[in-house]
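Participant: Below you will find the structure I want to go over with you.
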Amino acid sequence: MAINTSKVVVGGLAAGVVANIIGFLGFGVLLGPRFEAEAAAVAPALQGRGMTSGAIATNVVATFVVAFCSSSCTPRCGRASGPG
């Protein structure tokens with residue numbers, strides 16, 4: 001059974017967007033000031049440095065890998081059982 005490439009691409013992009021939004025809200029808005037204070041205390045050179053484009057791209061690539069692994073396992077292992 002072949003892997004549905006379009007679903008992998010759409011799933012990877014959607015997961016990447018969701019992961020970046022959750023990461024921005026969780027680590028940028030809610031925990032950002034605390035992280036900055038702790039980073040400045042440990043390494044003053046990190047003062048004011050945020051998430052780089054490389055980190056965002058890595059996050060999107062990681063979600064593609066998860067989407068690919070999920071879609072390649074589903075035909076072989078079957079779908080997850082529902083509740084109950």
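Participant: Those residues that are closer than 13 Å to A57 by Cα and of a type in the set (A, V, I, L, M), I need them from the stretch 1-17; list them, please. Please lay out each step first, then the result.
Facilitator: Taking the stretch 1-17 and keeping what is closer than 13 Å to A57 by Cα, we get 12-13, 15-17.
Passing the criteria: L13, A15, V17.
Participant: Quickly run through the stretch 46-58 and pick out the residues that are of a type outside the set (K, R) and modelled with pLDDT under 80. Step through it out loud before you land on a result.
Facilitator: To start, the set of residues in the stretch 46-58 that are of a type outside the set (K, R) comprises 46-48, 50-58.
Across the stretch 46-58, the qualifying residues are L46, Q47, G48, G50, M51, T52, S53, G54, A55, I56.
Participant: From the list A40, A62, which residue is under 22 Å from G16 (Cα atoms), hydrophobic (A, V, I, L, M, F, W, C), part of a helix (DSSP H, G or I) and modelled with pLDDT of 80 or more?
Facilitator: On the way: A40 fails: under 22 Å from G16 (Cα atoms).
From the options A40, A62, the qualifying one is A62.
The values are calculated or read from the model by the stated rules, or taken from the named source; none is laboratory data. Quantities reported herein were computed from a predicted structural model and do not represent experimental measurements.
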